[in-house]
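Participant: Below: one structure in structure tokens.
The values are calculated or read from the model by the stated rules, or taken from the named source; none is laboratory data. This is a predicted model, so every value here is computed, not measured. Cβ sites come from the backbone with ideal geometry, for glycine too, and all protein chains shown count toward neighbours. What goes into the accessible areas is simple: the full protein's heavy atoms, side chains included, and nothing from ligands, DNA or RNA. Shrake-Rupley method; radii C 1.70, N 1.55, O 1.52, S 1.80 Å.
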Amino acid sequence: SLRGLNALLVGLDSTPNRTIVITRSNSDTGASALNLRLQAYARSQPGRVALVTTLGQQKYLSLLARCDAVIGNSSSAFVEAPVYGVPAVDIGDRQRGRMRPANIIHSDAVARDVVRAISTAVNQDFRLRLRRAGHPFGDGRTSLRMLEVLESTDFSKLSAKDFVDY
């Protein structure tokens, strides 16, 4: 919504010394109006704000690994950002009902709440706690454990399943 976007932009203005990369809104209803507002915002702050249609996976993940925070209502805040230990401000209700990793700071789509959430996200103490918390997606060793089970299984001793056709 434009209300949520305007709250986001007020929040971004609360961090004037940071460079901002914004990806355009996807094709949800009302995206055209949101993208026009984003274009005007980016044009008003050349050199500080970059607006892109998409970064592609490799560029996005490279940027994610170096950024201070993810801010908005994207599922990336819940999926990719926790793996990289990046704080994320989730604005509004779009992601309601999802599991919330430790990196998520929820904010209503109200400017003062977004400003507060961004302040928390870039706070060094929060970032340190987040690094210790890890992410909810395991330790990255699942495939190795699966391989160990497969290698230690004697498949010759497994019986074939009996099929009964009616």
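Participant: Express in whole angstrom the spacing between the alpha-carbon centres of segment 29-65 and segment 151-166.
Facilitator: 54
Participant: State to the nearest 20 debye the size of the charge dipole of segment 104-166 about its Cα centre, where the only charges are +1 on K and R beta carbons and -1 on D and E beta carbons.
Facilitator: 540
Participant: Taking H placed 1.01 Å from N in the peptide plane, check which residues at least 5 places from ILE22 or on another chain put their amide H under 5 Å from its amide H.
Facilitator: Residues meeting the amide H criterion: ALA50, LEU51, VAL52.
Participant: Taking the chain on its own, what percent of its Cα-Cα pair distances exceed 28 Å? Working shown, then result.
Facilitator: Working: 4535 of 13695 pairs.
Above the 28 Å cut-off, the chain has 33 percent of its Cα pairs.
Participant: What whole-number value in Å² describes the accessible area per residue of segment 21-149 for a 1.4 Å probe?
Facilitator: I get 60 Å² per residue for segment 21-149.
Participant: Ignoring ligands, DNA and RNA, please state the percent of accessible area on the chain from carbon and sulfur, probe 1.4 Å.
Facilitator: Numbers: 5770 of 11010 Å².
Answer for the chain is 52 percent, counting heavy atoms of protein chains only.
Participant: Using mean Cβ contacts within 10 Å as the protection proxy, how do 51-60, 92-101, 156-165 order, highest first?
Facilitator: Packing order, densest peptide first, comes out as 92-101, 51-60, 156-165.
Participant: Karplus couplings for segment 161-166 from phi (6.51 cos²θ - 1.76 cosθ + 1.60, θ = phi - 60°), rounded to Hz, Gly and Pro as x?
Facilitator: These are the phi-based 3J(HN,Hα) values: 6, 7, 10, 10, 8, 9 Hz.
Participant: If I take every Cα pair under 8 Å that is 6 or more residues apart in segment 1-142, average their sequence separation and divide by the length, what percent do I get for the relative contact order?
Facilitator: Computed value for segment 1-142: 24 percent relative contact order.
Participant: Would you please put 118-125, 80-87 in order of how densely packed they are, using the mean number of other Cβ atoms within 10 angstrom per residue and starting with the highest?
Facilitator: 80-87, 118-125
Participant: Hey, what do the phi angles of segment 119-126 turn into as Karplus ³J(HN,Hα) couplings, whole Hz, using 6.51/-1.76/1.60 and θ = phi - 60°, x for Gly and Pro?
Facilitator: Along segment 119-126, the couplings run 4, 5, 4, 8, 5, 4, 4, 4 Hz.
Participant: Listed highest first by mean packing, meaning other Cβ atoms within 10 Å per residue, what order do 71-78, 36-43 come in?
Facilitator: Working: 71-78: 19.8, 36-43: 14.9.
Descending packing order for the listed peptides: 71-78, 36-43.
Participant: About the Cα centre, and with charges only on the beta carbon of Lys, Arg (+1) and Asp, Glu (-1), how big is the dipole of segment 1-89? Nearest 20 debye, please.
Facilitator: Result for segment 1-89 is approximately 240 debye, rounded to the nearest 20.
Participant: So what is the calculated 222 nm ellipticity per residue for the chain, using -39500 (n - 2.57) for each DSSP H run with n of 4 or more, over all residues, to the nearest 500 deg cm²/dmol?
Facilitator: Result for the chain, helices only: -13500 deg cm²/dmol.
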